[in-house]
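Accompanying notes for the structure given below.
Since every read-out is calculated from the coordinates, none of them should be taken as a lab result. All values derive from a computational prediction rather than experimental measurement. Note that we place each Cβ from the backbone using ideal geometry, even for glycine, and neighbour counts take in every protein chain shown.
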Ligand SMILES: NC(=O)c1ccc[n+]([C@@H]2O[C@H](COP(=O)([O-])OP(=O)(O)OC[C@H]3O[C@@H](n4cnc5c(N)ncnc54)[C@H](O)[C@@H]3O)[C@@H](O)[C@H]2O)c1
């Protein structure tokens, strides 16, 4: 995807003039996503202030002016209160009241916790967290007075070894954004924590050499990580900027107080498409595993049902164990995302599901032997299984975000059909067993 930024913005329905009359302030706008965002907002008509520690902020301003836009550079260390006070004065005098504040400046050193000195830790916190606090304090009151404005706090959700200080500040900034959103209420002032994705910038290239070995990757492999099937490697910075521009123009109010991800915005804007792998089609007339299980279960007596449920419960234990080892084969920094995605869709953490199904298996085997046991396990598992099926149904789409390997995606699609079928069969048979138990208890 090598199209000019103007065409890129045009592709997602952003036209020159859409931000006419507005003032945008971008911290750390001297390179990377900050520079591209400054240029994108300027090309939509915003007057732009670049608050940057390095002299490269001036180059961004030159680029914007050469393209016919309006921009100023205010050399700023966002971690210093006096610098931010000076920034507020300069912007107010030269451009007017700020409508869009993009907290983008960062420090991002790579060091394990045991190696990191306190000064480095403090500097990261000062730039990434204190800096955002200071700019919000300086520019938010006008936004509140005018009931108009948008604050984008650039965050990152990808925890990686060697980035503890950076990630701590980014997750802090996400919480800060939620609190701030609740404080300003949302009447015209919107606060969003924006996680752009993995983006090709001088910053990420600068840390690759130290970071890649900590992730167990080569530098080349690290710089080719793609978190979306539309990209063959990192997302170009202009795309992250286009997502930020789309967000502030079209939908910041919808995400007030939330974390929003750049890929989702670009999908919504129509720039990226989700490639959904085909799940094996149903052949007309062919008996599906689920139909077979249903037909079979109708004819089973209660002992046979318990034994069929026991077999399915053991099968589910194996599926969960496989899932656990599949998670452990993912790159280190993707594992937390995979685990939290599992919990939010499947209703329980993976290890809690493993425990639940272990006790279900034990209960079903007691029932098979005619012994009583914990009667609550069967209905509880039965109720939750629907969620687990929903999680597994989503696995092919999720996998397609991380890889374009067609054979692997096909394998995942087939595995998914078998897993979902086993879960549905178990849910159905547990429901029948539970129904029989209630009848027996009542009589
Ligand atoms: N690149 C990615 O893959 C990625 C992923 C997730 C989140 N993000 C977020 O996007 C934003 C931009 O990332 P990037 O990769 O373009 O960054 P980058 O490192 O390329 O650029 C950061 C800019 O901040 C400036 N800066 C540093 N200290 C400053 C200070 N004290 N005051 C003012 N400016 C200062 C630097 O000079 C530089 O121009 C960051 O907030 C980052 O956390 C990036």
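To test your reading of the geometry: what angle, between 0 and 90 degrees and rounded to tens, separates the Cα axis of helix 202-214 from the longest principal axis of the chain?
Value to nearest ten degrees: 40.
At 0.36 nm per residue, and after removing the present C-alpha to C-alpha distance, how many nm does the segment from residue 178 to residue 254 gain when stretched out fully?
Values: separation 76, 0.36 × 76 = 27.36 nm, distance 1.33 nm.
Extra length from residue 178 to residue 254 when fully extended: 26.0 nm.
Quote the FRET efficiency, to the nearest 0.05, computed for residue 383 versus residue 349 with a Förster distance R0 of 30 Å and r equal to the Cβ-Cβ distance. Before the final figure, lay out each step's value.
Numbers: r = 17 Å, r/R0 = 0.57.
So, using R0 = 30 Å, E works out to roughly 0.95.
Put a dot 7 Å past each Cα toward the Cβ at residue 209 and residue 157; how far apart are the dots in nm?
3.2 nm
Work out, step by step, the length gained on full extension between residue 4 and residue 340: first 0.36 nm times the residue separation, then minus their alpha carbon distance; give nm to one decimal.
On the way: separation 336, 0.36 × 336 = 120.96 nm, distance 3.66 nm.
Using 0.36 nm per residue and subtracting the Cα-Cα distance, I get 117.3 nm.
Starting from 0.36 nm per residue, how many nanometres of slack lie between residue 118 and residue 82 once their C-alpha separation is accounted for? Could the numbers behind the result be given before it?
Values: separation 36, 0.36 × 36 = 12.96 nm, distance 2.33 nm.
Value of the extension gain: 10.6 nm.
Over what distance in Å are the Cα centres of segment 54-81 and segment 189-255 separated?
22 Å
Given a cut-off of under 8 Å on Cα pairs at least six residues apart, what relative contact order in percent is computed for segment 137-283? Walk me through the intermediate numbers first.
Working: 194 pairs, mean separation 38.5, N = 147.
The value is 26 percent.
Report the FRET efficiency, 1/(1 + (r/R0)^6), for residue 62 and residue 168, where r is their Cβ-Cβ distance and R0 is 41 Å, rounded to 0.05.
Working: r = 35 Å, r/R0 = 0.86.
With a Förster radius of 41 Å, E is 0.70.
Using Cα-Cα distances under 8 Å and only pairs 6 or more residues apart, what relative contact order does the chain have, in percent?
13 percent
For segment 58-192, take the alpha-carbon Rg, divide it by the Kirkwood Rh, and send me Rg/Rh. Mind showing how you got there, number by number?
On the way: Rg = 16.2 Å, Rh = 16.1 Å.
Using Cα coordinates only, the ratio equals 1.00.
In deg cm²/dmol and to the nearest 500, what is the mean residue ellipticity at 222 nm of the chain if only DSSP H runs of at least 4 residues count, each as -39500 (n - 2.57), divided by the residue total?
Details: 17 runs with 255 residues, N = 443.
Estimated from H runs of four or more residues: -19000 deg cm²/dmol.
Over the chain, what per residue volume does the convex hull of the Cα atoms give, in whole Å³?
Values: hull volume 77.7 nm³, N = 443.
For the chain, the hull spanned by Cα atoms encloses 175 Å³ per residue.
Which three semi-axes in whole Å describe the equivalent ellipsoid of segment 5-268, each the square root of 5 times a Cα gyration tensor eigenvalue, listed largest first?
On the way: eigenvalues 143, 91, 65 Å².
Largest first, segment 5-268 gives 27, 21, 18 Å.
Have a look at 173, 118, 385 and tell me which one the Gaussian network model of the chain (Cα, springs below 10 Å) gives the largest fluctuation.
Of the options given, 118 has the highest mean-square fluctuation.
Estimate the FRET efficiency between residue 147 and residue 431 by the formula 1/(1 + (r/R0)^6), using the beta-carbon distance for r and 41 Å for R0, to the nearest 0.05.
E(calc), rounded to 0.05, equals 0.20.
Using just the alpha carbons, could you tell me how many Å³ per residue the convex hull of segment 13-96 encloses? Display every interim value, and only then the final one.
Details: hull volume 6.6 nm³, N = 84.
For segment 13-96, the hull spanned by Cα atoms encloses 78 Å³ per residue.
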